[in-house]
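The values are calculated or read from the model by the stated rules, or taken from the named source; none is laboratory data. Remember, it's a predicted structure, so these values are computed and weren't measured experimentally. Cβ sites come from the backbone with ideal geometry, for glycine too, and all protein chains shown count toward neighbours. Ligands, DNA and RNA are excluded from the accessible area calculation, which covers all protein heavy atoms including side chains. Shrake-Rupley method; radii C 1.70, N 1.55, O 1.52, S 1.80 Å.
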Amino acid sequence: MKIPREIINGIYIFLGIAAFFLLMEVLNLAHLFYLRLLNVLIIFYGVNRTLKMNLADGKNSFVPNAISAMVTSFTGVVISIVALLIYSYAKGGDQYVKSLSEAFMFGGEPSVATYTLCLFFEGTASCIIVTLLLMLYWNNKYKAD
């Protein structure tokens, strides 16, 4: 059974995000919230890779490629959030999330579930934005419906 490229590239997005955040923690840069925004570049890479592969295979219809891009980015974000959920509980649960929320833009004292749910919505929004931007970038490669 062949694994779809959307899932494979979604896993690449997850691995890139995981490595980026672990590197930030090792270098003691996790408190710099603006560095966290760079994970969008990793999502751009994975989605762009999927679109390039689709075009190389002759798949040049707009809507299927948009769905493929969305599935790729959403896969990467969902796996990353599940990994963050597991990692948060391994590092101390709510106490760990409180230390994250101090450096990030959260108010109050969020629980692990609240924090991951908010990141899920943020990740979903970034999936949509990245997909739309890359579909606009590659627009001249797709045939009109």
| query | Tyr12 is checked against (1) at pLDDT below 90; (2) hydroxyl-bearing (Ser, Thr, Tyr); (3) open to solvent by 20 Å² or more (accessible area, probe 1.4 Å) and fails just one. What number does that condition carry? | reply | (1)
| request: Can you give me the number of residues within the range 38-74 that are touching a residue at least 40 places away in the same chain (Cβ under 8 Å), small (Gly, Ala, Ser) and under 23 Å from Phe120 (Cβ atoms)? | output: 4
| field | Residues being touching a Gly at 6+ places or on another chain (Cβ under 9 Å) and open to solvent by less than 40 Å² (accessible area, probe 1.4 Å) - total across the range 48-93 | value | 8
| Selection count, the range 15-28, where residues are loosely packed, with under 12 Cβ neighbours inside 10 Å and more than 20 Å from Gly46 (Cα to Cα) | 3
| Restricted to the range 94-116, and to residues that are of a type in the set (Asp, Glu) and either modelled with pLDDT of 75 or more or not in a loop (DSSP other than H, G, I, E, B) (or both), which residue is most open to solvent (accessible area, probe 1.4 Å)? | Glu102
| field | Flag if Leu134 is at pLDDT 85 or above, open to solvent by less than 60 Å² (accessible area, probe 1.4 Å) and not polar (S, T, N, Q) | value | yes
| message | Filter the range 29-39 down to the residues that are in a helix (DSSP H, G or I) and either open to solvent by 100 Å² or more (accessible area, probe 1.4 Å) or of a type in the set (Asp, Glu) (or both) and list them by number. | response | Tyr34
| field | Ala144 aliphatic (A, V, I, L, M) and modelled with pLDDT of 80 or more | value | no
| request: Test Tyr45 against the stated conditions and say whether it is open to solvent by 60 Å² or more (accessible area, probe 1.4 Å) and under 22 Å from Leu22 (Cβ atoms). | output: yes
| message | Among the residues in the range 66-73, are any farther than 17 Å from Phe14 by Cα and modelled with pLDDT of 90 or more? | response | yes
